[in-house]
Amino acid sequence: MAFNTGLSGLRAASVDLDVTGNNIANASTVGFKSSRVQFGDLYASGFLSSGTNPVGDGVRVQDVKQSFGQGNISFTDSGLDMAINGDGFFILNNGGEIRYSRAGQFGIDKEGFIVNSQNMRAQGYVADDDGNLSGIRGDLQIETDNLAPRRTTSLETSLNLDSRQSVLERRIRDFDPIDVGQLRGESFSIVYADGSGNYPVPVIPATATAREAANAIDAAPGVTATATTPAVMDAGLTDGYISSAADFRFSITVGTAPLPVNVEGVTSLSGLAQAINDSGDNSVSANVIDYDDDNDPATPTVERLRIIHSNGEPLTVAYGDGSLPPGTLFEGQVAVTTDRTVSDVTPGTGTNFVDAFNATPFTITNEFNPIDQRTYNHATSTEIFDSLGNAHEMTQFFVKDPSPGNGVGQSQWSVYLQIDGELVAGTDQQPYTALFDQDGQLESINGDANGEIIITDWVPKDPNGDPNGADGPPANPGDVVSPIPEPANSSAFVLNLASTTQYGAAFGVNDQQQNGYTTGRLSGLDVSDQGVIFARYTNGQSQSLGQVALAAFNNTDGLSPVGDTTWVETFESGQPIIGAPDTGTLGSIKASSVEESNVDLSAELVNLIIAQRNYQANAKTIETSDAVTQTIINLR
């Protein structure tokens, strides 16, 4: 029996040595889990009893258990190396056989699949063409094709316009002078763009002078009215007439007050003009003009004397030789200018003023010019992309306008848009109007409370100014809605200025985000803590390619090792619980890292000594049993 007991001890010690040696051999194997031997004693027993004083029959190896404790995590220079910090196993496809491993040394094969050194493919949740992760599990693959370009369909700009800026542009309606006779008896109301109310102009009296009519109109906010009285002498007054008259006389009455004019020695129209200018009344001036009384190009012009009263009082002019003929009465004219705050005029009685307003277009003083920095307050540029991935420069210009209404509680800016040097969104004809409230917050742009401008007239062009073949404007611009639905089929895009403010601080761009990009080549890979694999491209974009899946088991000790630092599922382990990293009980992923072996080399060396002594001691048992047996045999 002693021989069998010692032999069982040799066998057990040999297994212990083998397991310890295997641990030591794999001390540097990534993802390796150390093992330990579990021993059990042996006793002979009968059917009913083992006796009152049983003697053991030795030892046997009951099991070899692996320790799945966490190994140290060390960093590497490979972007696809991954370590699991916590519970879980990588899922590997070995030609259809599913294996599980903690070794995360991965690379890419010729087909772009993520594989380990044994060409087992890592499995995870695949992503669609737009980088959206799905719940479908499969072999993870890195697409090495160029990233297709994406056209810009949305541009969000957040900036601050300096409220302290001065007004650079003034948009006005400047009427041709209206004879005061056409205004007498009329009344009308001035309508304002901001809806602040109407200003009623009272009925202009039938006896009103040009000055009185101008004063009545000038009282309206946003309206400037001035009066003048131009008097042009008829064909009877010429140089020859003045020089040949025996007793030439000339008189001017301003309103009801005579203006003394000394015509002694005057022999020409120019001399008469000088005499009027020397009269001492600065509101009256005279000069000689070339005059065409019938506006017929075939008829030559003649010299005429023009007298102007700058305050618009009626002028009565008379001249003669001996006794003055009845004077000619000149009633005067009214010139009107309105700024952009005046949107309309509604008639009360009469329509002459209303007709003049409607017939007069806006004109601009200090008109906006994108190449003249003096004509705009602020500008900012950003890149946008057409359907072919070509980059274009879009510039937004901001011009401060006069405050609408009375200027209390509201501010106004004009917005011009330019792409590659050409004004778009119709701003070559009319800018967009941005209104801000008393707190500096954007109220609307052209009445849109969302602060959006939809650009529907952009034609992408090459550096020579010719269309470059990319998608152009939509066939029906009025059908374009925000946001632009995918897939887009035109060059239309939405500019969102909803976050724009107008504070008393320096102009600054807080953020500009647009969703387009040019084509790009794969330049690198990144892995997140959740195991999401991101591809980085040369165009600055990144896109999800997939997410590593992890598996956990209710009984990890039940897994069966099959070599290559992998395990397979068994009945004892139970079925795998599969999920994304860092969810549930699954651990997180550490990128550019590997999990080292959890072998404690110092402890294994001590175990090696113990196993060696155990082996020697069991060998000594056999040796002693042999000596005893030899003694018995030698008995005679």
Members of segment 484-536 that are within 20 Å of L417 (Cβ to Cβ) and polar (S, T, N, Q): S490, S491, N496, S499, T500, T501, Q502, N510, Q512, Q513, Q514, N515
Number of positions in segment 377-400 that are hydroxyl-bearing (S, T, Y) and either surrounded by 22 or more Cβ atoms within 10 Å (Cβ to Cβ) or more than 22 Å from F507 (Cα to Cα) (or both): 1
Strands (runs of 3 or more DSSP E) contained in segment 70-153 and holding at least 2 residues surrounded by fewer than 16 Cβ atoms within 10 Å (Cβ to Cβ): 73-75, 97-101, 133-139
Output for segment 401-451, where each listed residue is surrounded by fewer than 18 Cβ atoms within 10 Å (Cβ to Cβ) and part of a strand (DSSP E or B): Q410, E422, T433, D437, Q441, E443, S444, D448
N146 vs. criteria in contact (Cβ under 8 Å) with a residue 40 or more places away in the chain, of a type outside the set (V, I, T) and under 30 Å from G516 (Cβ atoms): yes
Residue satisfying condition, being under 17 Å from S560 (Cα atoms) and at pLDDT 90 or above, within set N85, N93, N116: N93
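Out of the residues in segment 7-56 meeting the condition of being outside any loop (DSSP other than H, G, I, E, B) and polar (S, T, N, Q), tell me which one is modelled with the lowest pLDDT. Working first, answer last.
Going residue by residue through segment 7-56, those that are outside any loop (DSSP other than H, G, I, E, B) are 7-25, 35-43, 56.
From what's left, polar (S, T, N, Q): 8, 14, 20, 22-23, 35, 38.
Working: S8: 67, S14: 74, T20: 82, N22: 85, N23: 83, S35: 83, Q38: 80.
Across segment 7-56, the extreme among qualifying residues is S8.
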Enumeration of residues in segment 551-598 that are assigned to a strand (DSSP E or B), farther than 25 Å from G79 by Cα and under 45 Å from the mean Cα position of the chain (by Cα): I577
Of all residues making up segment 375-408, the number that are over 20 Å from the mean Cα position of the chain (by Cα), in contact (Cβ under 8 Å) with a residue 40 or more places away in the chain and on the phi > 0 side of the Ramachandran plot: 1
Test: S491 is crowded, with 19+ Cβ neighbours inside 10 Å, on the phi < 0 side of the Ramachandran plot and among the hydroxyl-bearing types (S, T, Y): yes
Residues located in segment 501-528, provided they are farther than 15 Å from L133 by Cβ and not in a strand (DSSP E or B): Q502, Y503, G504, A505, A506, F507, N515, G516, T518, T519, R521
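Residues checked against (1) of a type in the set (V, I, T); (2) in contact with a helix residue (DSSP H, G or I) (Cβ under 8 Å, 6 or more places away or on another chain); (3) within 24 Å of I24 (Cβ to Cβ):
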{"site": "D63", "(1), (2), (3)": "no, no, yes"}
{"site": "G71", "(1), (2), (3)": "no, no, yes"}
{"site": "M82", "(1), (2), (3)": "no, no, no"}
{"site": "I91", "(1), (2), (3)": "yes, no, no"}
{"site": "G96", "(1), (2), (3)": "no, no, no"}
{"site": "Y100", "(1), (2), (3)": "no, no, no"}
Residue check, T621 assigned to a loop (DSSP other than H, G, I, E, B) and of a type outside the set (F, W, Y): no
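Condition check ((1) at pLDDT below 95; (2) touching a Phe, Trp or Tyr at 6+ places or on another chain (Cβ under 8 Å)) across all residues:
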{"residue": "D401", "(1), (2)": "yes, yes"}
{"residue": "N406", "(1), (2)": "yes, no"}
{"residue": "A434", "(1), (2)": "no, yes"}
{"residue": "D437", "(1), (2)": "yes, no"}
{"residue": "E452", "(1), (2)": "no, no"}
{"residue": "I455", "(1), (2)": "no, yes"}
{"residue": "P483", "(1), (2)": "yes, no"}
{"residue": "A488", "(1), (2)": "yes, no"}
Residue pairs meeting the criteria (Cβ under 7 Å; at least 6 apart or on separate chains; first more than 16 Å from G524 (Cβ to Cβ), in segment 539-557; second among the basic types (K, R)): A549/R137; D557/K65
Filter result for the condition that a residue is farther than 30 Å from A492 by Cβ, modelled with pLDDT of 90 or more and either among the polar types (S, T, N, Q) or in the same structural domain as S491 (by TED's automatic domain parsing) (or both), over N358, N369, N377, N295: N358
Any hit, segment 465-488, residues being touching a Gly at 6+ places or on another chain (Cβ under 6 Å) and either part of a loop (DSSP other than H, G, I, E, B) or under 23 Å from S158 (Cβ atoms) (or both): no
Qualifying positions in segment 298-333 - small (G, A, S) and either under 60 Å from the mean Cα position of the chain (by Cα) or at pLDDT 90 or above (or both): S310, G312, A318, G332
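Select, from A475, A434, the only residue that is touching a strand residue (DSSP E or B) at 6+ places or on another chain (Cβ under 9 Å) and in the same structural domain as V399 (by TED's automatic domain parsing).
Details: A475 fails: touching a strand residue (DSSP E or B) at 6+ places or on another chain (Cβ under 9 Å).
None of the others qualify; the one that does is A434.
The values are calculated or read from the model by the stated rules, or taken from the named source; none is laboratory data. It should be emphasised that the depicted structure is a prediction, and the values quoted were computed from it without experimental measurement. Positions of Cβ are generated from backbone atoms using ideal geometry, with glycine treated the same way; all protein chains shown enter the neighbour counts.
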